[in-house]
Ligand code: IMP
């Protein structure tokens, strides 16, 4: 098996997290930036795992390379688990991260609930160009939603999420702490064990 892996995301925040965590696994990485003609994989699945697998298969078959892809989302208890698998499209297709954060806070205010519990969930899949699925792993990070956005680092819903055991949001915490405790990190740490176990 080749020890080179395509990272199937165009999200710079995710790319940075993934390479930080998998960087010393003995593999080399390339990203979709090197494949500008490859389109975007559909995300029509009902679970993070289904979407991660579909994306990994899509990017592997489009490039002929072994591909890793993830899918993730934020589940807010008072909103019945929303936005969940729809986190990226929560405020419509062309909305910004800021639009999604504003909608989430306004839906929570409308709900009248004082329950701020939430969790980030991630699934990471690796697929072969022939379509075989090689590995899937999942990670969960529990926390609460703030009353207003806080912090400038990270991406997406980071300024709204305080992980359990901390007082700062993901957008305020140092990157190395997020990289240790985030949903994606937990899934990627299992992925790393798989990559380390692969013979060249
Ligand atoms: P997808 O995994 O690319 O489908 O994105 C899921 C959505 O959840 C996007 O809107 C992301 O911004 C958001 N999301 C996923 N992981 C994180 C995270 O670690 N921090 C903040 N937002 C995230």
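Values in this text are rule-based calculations from the coordinates and carry no lab data. These figures come from a predicted structure and were not determined experimentally. Please note: Cβ atoms are built from the backbone with ideal geometry, for glycine as well, and neighbour counts cover all protein chains shown.
A few comments on the model shown:
- Each label point was placed 7 Å from the Cα along the Cα-to-Cβ direction; for residue 189 and residue 152 their separation is 3.0 nm.
- Debye-sum result for the chain in log10 I(q)/I(0), which assumes one identical scatterer on each alpha carbon, at q = 0.08, 0.12, 0.16 Å⁻¹: -0.26, -0.59, -1.01
- Estimated [θ] at 222 nm from DSSP helical runs (n ≥ 4, -39500 (n - 2.57)) normalised by residues in the chain, nearest 500: -10000 deg cm²/dmol
- Cβ crowding within 10 Å, taken as a proxy for footprinting-reagent exposure, orders 184, 100 from fewest neighbours to most as 100, 184.
- Projected label distance in nm at residue 117 and residue 89, using a 7 Å step from Cα toward the beta-carbon: 2.9
- Among 40, 198, the ranking by other beta carbons within 10 Å of each residue's beta carbon, starting with the fewest, stands as 40, 198.
- Ordering 38, 121, 136 by the number of other Cβ atoms within 10 Å of each residue's own Cβ, fewest first, gives 38, 136, 121.
- Residues in the range 120-150 reached by a label modelled at residue 164 [backbone nitrogen below 19 Å; 7 Å Cα→Cβ]: 120-123, 138-146
- Virtual spin-label span in nm between residue 132 and residue 28, 7 Å along Cα→Cβ: 2.3
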